Amino acid sequence: MGLINNTKNLIWETFRFFINKKNIKRLTTITPTIISSNCNGAIITHDLHLKFFSPTVNLFIYPKDYLSFVSNLDKYLSDESELIQVESQCNYPIGKLIDIEIYFMHYDNFEEAKTKWYERCKRVQRDNIFLMMTDRDGCTYDDIANFDKLPYNKVIFTHKEYKEFKSAFYIKGFETDSCVGILSDKKNLWGERYIDSFDYVTFLNSRFPSTVEGQKATEKAF
């Protein structure tokens, strides 16, 4: 069984290498700041061999806190905004930034998370910001509606269609669930992740908020 799994992983990683190589070749920007509600932004940044120009790496933020965060980035990214540790029974550190909580699920300790947060906050490219959210973690219809109103280039990945929202992108395969799954997970043996159904390279190459709607139109044409 171990040999079979190792072979499958090798096949997937080989195909993934060429997918990433093709995407990197298409990319025309090298400094996108992807403010993501979870790990999707970091996975994309890593696959594209880019530096992290966003503090939202290896963590997640619940929808309402995330919406507060991206609705007032100047406030939360300010040097005066102190990130303090929250006592918790979780096996990973949690921080509080003014009035929102940040779950640093892929960090060993709070000091590491805090250092990386401030370090990456300083790299944020204010003229090249992209928002990325999902309908996970208790996201409501109102949350999607409020996200859709934000004045940024943005996308929210959903488990079903929301034709009324320009920023909503339907990821197929989770229709019987209450939300999308882990979009960085392997979709098949051929190097694909679930998130690959969204053309994030075209998204990042554009600084205009109409990209997601354009992708929907392209999908319908084929």
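Coordinate-derived values only; no laboratory data. Just so it is clear, the model here is predicted, and its values are computed rather than measured. Every residue, glycine as well, gets a Cβ built from its backbone with ideal geometry; the counts of neighbours run over all protein chains shown.
Quick notes on this structure:
- Maximal additional length on extending the K51-E111 stretch stands at 19.5 nm, based on 0.36 nm per residue less the C-alpha distance.
- 18 Å reach of a label modelled at K160, 7 Å along Cα-to-Cβ, counting backbone N of segment 123-140: 134-140
- Extended-chain gain in nm, criterion 0.36 nm per residue less alpha-carbon gap, S206 and N188: 3.6 nm
- Computed over neighbours whose Cβ is under 12 Å from that of D196, the net charge equals +2, Lys and Arg +1, Asp and Glu -1.
- Rotationally averaged projected area of segment 1-158 (alpha carbon convex hull; nm²): 11.3 nm²
- Gain in span if fully extended, K149 to N20, counting 0.36 nm per residue against the direct Cα distance: 43.3 nm
- Using the Karplus relation 6.51 cos²θ - 1.76 cosθ + 1.60 with θ = phi - 60°, the per-residue 3J(HN,Hα) values for segment 70-85 come to 6, 7, 8, 4, 4, 5, 7, 8, 5, 4, 7, 7, 8, 8, 10, 7 Hz, with x marking Gly and Pro.
- Förster radius 35 Å - calculated FRET efficiency between E13 and Q85, Cβ distance, rounded to 0.05: 0.45
- Positive-end extreme of charge dipole, the chain - chosen from S178, S78, N188 (charges on Cβ): N188
- Ellipticity at 222 nm from helices only: DSSP H runs of n ≥ 4 in the chain, each -39500 (n - 2.57), divided by the residue count, give -11000 deg cm²/dmol.
- Using θ = phi - 60° and Karplus 6.51 cos²θ - 1.76 cosθ + 1.60, couplings along segment 45-56 (whole Hz; Gly, Pro as x): 4, 5, 4, 8, 6, 9, 6, 7, 9, 9, x, 7
- Among P32, P151, P63: highest mean-square fluctuation, GNM of the chain, C-alpha pairs under 10 Å: P151
- Cα centroid separation - segment 127-201 against segment 43-78, whole Å: 15 Å
- Dipole magnitude (debye, nearest 20) for the chain, charges at Cβ of Lys, Arg, Asp, Glu: 1040 debye
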